[in-house]
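Inspection log for the structure reproduced underneath, given as structure tokens.
The values are calculated or read from the model by the stated rules, or taken from the named source; none is laboratory data. Because the structure is predicted, anything quoted here is derived from the model rather than measured. All Cβ positions, even for glycine, are placed from backbone atoms using ideal geometry, and neighbour counts span all protein chains on display. Calculation scope for accessible area: heavy atoms of the full protein, side chains included, ligands and nucleic acids excluded. Shrake-Rupley method; radii C 1.70, N 1.55, O 1.52, S 1.80 Å.
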Amino acid sequence: MKGYDHRKIEKKWQDKWLREKIYLTDEGDKKPKSFVLDMFPYPSGEGLHVGHVRVYTASDVYSRMKRMRGYRVLHPTGWDAFGLPTENYAIKNKMPPQKVTKENTDTFRRQMKLLGLSYDWEREINTTDPSFYKWTQWIFLQLLKKGLAYESYEPILWCPSCKTGLANEDLDGNECERCGTVVEKRPMRQWVLKITDYADRLIDDLDLLSEWPLAFREAQRNWIGRSEGAVIKFPISNSQFPIEVFTTRPDTLFGATYMVLAPDHNLVSGLKDKITNWNEVEKYVVSAGKKTEIERTAEGKDKTGIELKGIKAINPANKEEVPVFIADYVLKEYGTGAIMAVPAHDERDYEFAKKFNLPIVKVIEPSFTQTTDPGKVVEGLPVEDREAIIAIVKHWSEDKYIALKWKSVAWVTFITGGIEEGQTAEEAAKMEIMEETGYLNPELTDDFGTLHGKFYHVPKKVNRFAHASTLVFKLKNSERKEVSEDESKMHEVIWLNKDELAKFLTPDSHQRALEILNGKEMYAGSGLLINSGQFNGMESPEAKKEITEFIGGQMKTAYKLRDWVFSRQRYWGEPIPVVHCEKDGVVPVPEAELPILLPEVKFYEPTGTGESPLAGIEAWVNTTCPKCGSPAKRETNTMPQWAGSSWYYLRFIDPQNNKTLIDPKKEKDWMPVDVYVGGAEHATRHLIYARFWHKFLKDIDIVSTDEPFTRLESVGLILGEGGIKMSKRLGNVVNPDDIILTYGADTLRLYEMFIGPFSQASVWNMKSIIGPRRFLEKVWRVAEKIGDGELSDETAVLLNQTIKKVGEDIEVFKFNTAISQMMILLSSFESDKIVTKESFESFLKILSLFAPHITEELWEDLGHTSSIHSEPWPKYDESKLAGDTCTIVIQINGKVRGSFVVPVGSDDEAVKKEGLGHESVQKWLGGVDPKKVVYVKGKLVSIVT
RNA sequence: GCCCGGGUGGCGGAACUGGUAUACGCGCACGACUUAAAAUCGUGUCUCGCAAGGGAUGUGGGUUCGAUUCCCACCCCGGGCACCA
């Protein structure tokens, strides 16, 4: 028989599949649908890399299984082809970007076909194709119509190297995500999309995405960064304009001892004539504006700022005058661009106050509720308030402190106790020190105020809310009397240093006491109010509402998410379809005139002036106003690279439609995407933008679902040998073409699926590829053993198990274990004398997902004239998933001491008895009667002595 | 600092709902075939020990007859966010 020649086989079948169009989407609606999508590639000049192969093979394997299981599967691909790399390459090599794109997509398509991927190539799309971007422009017009696209002149992020404005999402730290250049701020006209209008829905609907990795949902939640708080007005003493601040801690309002505005806050210049040190202020504003993000980060937490002399704000809670500062630790874009500073309860304000010698007023006494055992508050039991003390007692000569180790419960605490009628806290504390430790001469050295703790007092069996005055003592000497028997029964006195205290102290309130002891005055948690007039004694959550109401503030939600800066001053993108008319202002291009074609030009270098290269093409720029007919100019900015990818998945459903974006019937039929496969780098960019557009399209009735992607599977990076990133610079990039040539596409596909858990990063290893190749060669050889006869029992069981396991594993993207199971089955085939045709065909069918070419060839050799890829998924026999016998393990005191074999379905008692009678039991027990015998059905007998 | 992952042989990794840790693959060693090599096949391969047996899933504790798996504390690696009031 002929040998396994992958080159011949793979070419033969790829041609045939294309010719016979076996992978076109089944549009019959009798079958259930499955829309399996991978994140379509950006066709770079580098061609496909092994990371692409991993994603595309996974979705291909999944799609193939779904088809075999009777689904009609939509599995398309296309090109996300607008964008800077292509444009830059085009400039460098003096080629039109259109041509570069054509060449790159040709390469990608060729490589994808070499992999034997089962895409429906008749649905291929390209974001740079006018018939596609017509609809990208159309969506923009709808956004404009709804007021969700607007022009802005706010300073934006600008990449001096790419010569274009950027969105927040295009940053990698302080650098341009594309080219690594440090970005600047630059005031210029730009188009912005109001994604913040959708912030709440984008967060709330994350709850619908239970089939997304938690990490993606959390990343988005984080990025959107919602926080609930209040807007509070602080009047300015000699101006009618108040300062508005946003705070999440209105409960600390009485502790606001100064205010801070962002340096670029509008009020700063508005108050110019009142500010007596204007020269200095102006200097600070200018230098803050010049400071790059990188300089600010380098300065870390060293706060800078300057007081606005001549003006004072009035704290609306206590009517006290407080100074007003500007400082660059306050950001203009967040909240209201101004804060009330509460140094006692905010770390940043605390640092600033320390540096500028500002008053620090405590208004919150820390309060803690025990949430873990021992001491978790018992629901339903009343809570007793108790005036108490915490005494921290220092050694007379060493840096050690007394702790009590409780005997009836796993607690380590400082000395605690109640305050009796008529006692001061100090008296109570001294009494407790003497009673609980016997030491006679403590001297009060410090008072940490009151700490509150709600917990279940285990020995006393009550819920307590202890309000403990926390006092620090030092022992004058070691003089000590005997401790009473009752006390020594309750706890043991131990001496601990600060590190040990941090490790062992159980209650949170005592840990807080230790923090103060270590000099950490600032407390940012919640608690009970003090120094807050009529609100004293109230707990933080309640005080937030009450105080906000009291001073007439408004509850408000703030977001970290910014509106999406949507214009780029570059050539290779979708033209924004509006014109500027002197009389009518911004006028949208009528929908009938779409697409606004990107003109072919000689020069498309970025100008760097804030205008795109399109501005230089007069014939294109000059047009007439659709409204009044007078001369007007076209918008010359283009859309960012993320535009097309924000809705492309919809177009696959109806790629040829030239009347509407998508036929509503088809949309309802295929949406949502059932499985979306791609990389984690898109968690906060593409996936937020696409969800935003999708929700907008839902609002204008283009789509019918709230979310576009039901399930998301994230691919792990493939690292170069040695666990380092693959890069051109390091010369460790693996080209799939080379692997396909040497080992074949089937081997490459198997290798990449076998390399490790799909979502986890894996290391490429050239040596290991031989494993999957040997496996396929073995498959080829085993095919020759097909003959008449019976399958061995063992192989028959394995075959059933394999069909079951491979199906289940692929459903949850556990490709590596599916392959290992097929390897085990193949070994069993190999060691048998005879392999039956039927069983081998079942094996070929499941293997065909991973290795479509070799299985198709062997299938044909077995006499079939139709494709193996149109076969249904093999069935397994439930009754043959296990053999006739099972091995029972004997454990004695938790250690494995032997095993024996029993028929499946044996009587429990009989097996137990046989286990107890086993020779190893005799040996290890030595005649002693077992205390306990545990039998786990079909698995083990565990004997305890 | 905060939020997610992850830590198991020489390497990639497996282990169901707590039930024989190290499946499968690579590598390595030895053997068979061969004049020889490659390929292939077979055997072995966590560790200490001659053996009986002991130890080992990042570290330390806990729960359990039994823990890679559950709980607590900590360490290390990767990723995301980061002066967000």
If you consider only alpha-carbon coordinates, what radius of gyration and Dmax does the stretch A:569-618 have, in Å? 12.0, 33
For the peptides A:100-110, A:269-279, what is the packing order when you average, over each peptide's residues, the other Cβ atoms within 10 Å and list the highest mean first? A:100-110, A:269-279
Looks like the stretch A:583-725, by Cα gyration tensor root eigenvalues a ≥ b ≥ c and the a/c under 1.5 rounded cutoff (else prolate when a/b is bigger than b/c, oblate otherwise), is oblate
Would you list which lysines come within 19 Å of A:Lys11, measuring only between C-alpha atoms, while excluding same-chain residues fewer than 8 positions from it? A:Lys2, A:Lys21, A:Lys113
Accessible area per residue, Å², the stretch A:1-144 with all protein chains present, probe 1.4 Å: 38 Å²
May I ask which residue of A:Leu202, A:Ser239, A:Phe216 lies farthest towards the positive end of the charge dipole of the stretch A:195-243, with charges of +1 (Lys, Arg) and -1 (Asp, Glu) on Cβ and the Cα centre as origin? A:Ser239
Report the semi-axes of the equivalent ellipsoid for the stretch A:497-642 in whole Å, largest first, where each axis is √(5λ) for an eigenvalue λ of the Cα gyration tensor. 63, 24, 12
Using r as the Cβ-Cβ distance of A:Leu171 and A:Phe900, and R0 as 60 Å, what FRET efficiency do you calculate, to the nearest 0.05? 0.40
Positive-end residue of A:Ile326, A:Leu940, A:Val733, charge dipole of chain A with Cβ unit charges: A:Val733
Using a 1.4 Å probe over the heavy atoms of the protein chains, calculate the carbon and sulfur portion of the accessible area of the stretch A:388-537 as a whole percent. 46 percent
Based on alpha-carbon positions alone, could you give the equivalent ellipsoid semi-axes of the stretch A:821-938 from the gyration tensor, as √(5λ), descending, whole Å? 47, 14, 12
Trypsin sites (Lys or Arg not before Pro) restricted to the stretch A:593-702 and DSSP loop, no more than 11 other C-beta within 10 Å: A:Lys602, A:Lys659
Rounded, prolate or oblate: which fits the stretch A:66-142 when a ≥ b ≥ c are the square roots of the eigenvalues of the alpha-carbon gyration tensor, with rounded for a/c under 1.5 and prolate only if a/b beats b/c? oblate
Fraction of the pair-distance distribution of the stretch A:174-285 above 16 Å, Cα-Cα pairs, percent: 77 percent
Of A:Lys937, A:Lys309, A:Lys163, which has the most accessible area with a 1.4 Å probe, and how do the rest follow in descending order? A:Lys937, A:Lys309, A:Lys163
When all alpha-carbon pairs of the stretch A:17-62 are counted, what percent fall beyond 12 Å? 73 percent
Multiply the residue gap between A:Val377 and A:Asp706 by 0.36 nm, knock off their C-alpha separation, and tell me the result in nm, one decimal place. 114.4 nm
Calculated Rg and Dmax of the stretch A:873-945 using C-alpha coordinates, Å: 14.7, 56
Can you tell me the equivalent ellipsoid semi-axes for the stretch A:644-685? Use √(5λ) from the Cα gyration tensor, largest first, whole Å. 23, 12, 7
Kindly flag which residue pairs out of A:Lys627/A:Lys668; A:Lys303/A:Lys400; A:Lys194/A:Lys312; A:Lys833/A:Lys895; A:Lys498/A:Lys545; A:Lys185/A:Lys355 have an alpha-carbon separation exceeding 30 Å in this structure. A:Lys627/A:Lys668; A:Lys303/A:Lys400; A:Lys194/A:Lys312; A:Lys833/A:Lys895; A:Lys498/A:Lys545
Euclidean distance of C-alpha centroids, the stretch A:78-100 and the stretch A:466-498, integer Å: 77 Å
Size-normalised alpha-carbon gyration radius of the stretch A:683-784, reference 2.2 N^0.38 Å: 1.56
Suppose every K and R has +1 on its Cβ and every D and E has -1 on its Cβ; what is the size of the dipole of chain A about the Cα centre, in Debye to the nearest 20? 2020 debye
When chain A is reduced to its Cα atoms, the Kirkwood hydrodynamic radius in Å: 34.3 Å
In nm, spacing of pseudo-spin labels at A:Thr945 and A:Glu546 (7 Å Cα→C-beta vector): 6.8 nm
Quick one: grab Rg to one decimal and Dmax as a whole number for the stretch A:482-576, Cα atoms only, in Å. 26.2, 89
Roughly how many Å² is the accessible area per residue of the stretch A:450-592, as a whole number, for a 1.4 Å probe? 48 Å²
Measuring from the lowest to the highest alpha carbon on each principal axis, how far does the stretch A:235-349 reach, largest first, in angstroms? 39, 33, 20
So, with a 1.4 angstrom probe, what is the percent of accessible area on the stretch A:856-925 that is carbon and sulfur? 50 percent
Taking every pair of alpha-carbon atoms in the stretch A:202-268, give the share separated by more than 17 Å as a whole percent. 60 percent
Neighbourhood net charge (14 Å Cβ-Cβ; Lys/Arg +1, Asp/Glu -1) for A:Ile702: +2
A correct Kirkwood calculation over the Cα atoms of the stretch A:1-129 returns a hydrodynamic radius in Å of 16.2 Å
Scattering curve values for the stretch A:374-462, log₁₀ I(q)/I(0), Debye with Cα scatterers, q = 0.17 Å⁻¹: -0.82
Using packing as a proxy for protection, rank A:376-386, A:731-741 so that the peptide with the highest average count of other Cβ atoms within 10 Å comes first. A:731-741, A:376-386
For the full complex of protein chains and a 1.4 angstrom probe, list A:Ser867, A:Ser759 by accessible area with the highest value first. A:Ser759, A:Ser867
To the nearest 0.05, the calculated FRET efficiency linking A:Gln554 and A:Asn622 through their beta-carbon distance, R0 being 45 Å, is 0.40
I'd like to compare A:433-444, A:778-789: which one has the highest average count of other Cβ atoms within 10 Å, and what's the full order after that? A:433-444, A:778-789
Please report the base-10 log of the normalised intensity I(q)/I(0) for the stretch A:459-514, using a Debye sum with one equal scatterer per alpha carbon and no solvent, at each q in 0.13, 0.14, 0.16 (1/Å). -0.52, -0.61, -0.80
Are there trypsin sites (Lys or Arg not before Pro) in the stretch A:455-512 that DSSP marks as loop and that have at most 16 other Cβ atoms within 10 Å, and which are they? A:Lys460, A:Lys461, A:Lys476, A:Lys481
Gain in span if fully extended, A:Lys725 to A:Ser237, counting 0.36 nm per residue against the direct Cα distance: 169.8 nm
Grab every C-alpha pair in the stretch A:793-840, bin the distances at 5 angstrom width from 0 up to the longest one, and report whole percents. 5, 23, 31, 20, 13, 7, 1
Step by step: find N for the stretch A:125-165, compute 2.2 N^0.38 Å, then divide the Cα radius of gyration by it. What's the final number? 1.56
Hey, quick one: spin label on A:Ser792, modelled 7 Å out along Cα-Cβ, who in the stretch A:832-873 has an amide N within reach, i.e. under 11 Å? A:832-835
Assuming R0 = 45 Å, what is the FRET efficiency of A:Gln511 and A:Glu151, from their Cβ-Cβ distance, to the nearest 0.05? 0.25
